[in-house]
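Below is one structure, written out as structure tokens; comments come after it.
Laboratory data are not the source of any read-out in this text; all were calculated from the coordinates shown. No experiment lies behind these values; they were computed from the predicted model shown. Here the Cβ positions follow ideal geometry from the backbone for every residue, glycine too, while neighbour counts run over all protein chains shown.
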Amino acid sequence: MAKLEEHQQMNCDYGQGYFYSKPLPADAIAEWRDKQQHSA
């Protein structure tokens, strides 16, 4: 994920869009976030 690292080096704390995930229903966001935290 070179782009993610590039953004982190520019002190970007937020990101959005298809780079991270396809659009999700509101009730699926917490589950997606938990999976991302466990895979990092």
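Inside the chain, can you point out the residues that are among the hydroxyl-bearing types (S, T, Y) and exposed (fewer than 10 other Cβ atoms within 10 Å of the Cβ)? Can you show your working first?
To start, the set of residues in the chain that are among the hydroxyl-bearing types (S, T, Y) comprises 14, 18, 20-21, 39.
Scanning the chain gives Y14, Y18, S39.
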>> I need the full set of residues from segment 1-14 which are acidic (D, E) and part of a helix (DSSP H, G or I), in order please.
In response: E5, E6
> Hey, among the residues in segment 15-40 that are among the hydrophobic types (A, V, I, L, M, F, W, C) and in a loop (DSSP other than H, G, I, E, B), which one's farthest from A2 (Cα to Cα)?
Replying inline: L24
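Out of segment 1-12, which residues are within 20 Å of S39 (Cβ to Cβ) and among the acidic types (D, E)? Outline the logic, then answer.
First, pick out the residues of segment 1-12 that are within 20 Å of S39 (Cβ to Cβ): 1-5, 7-8.
Selection gives E5 alone.
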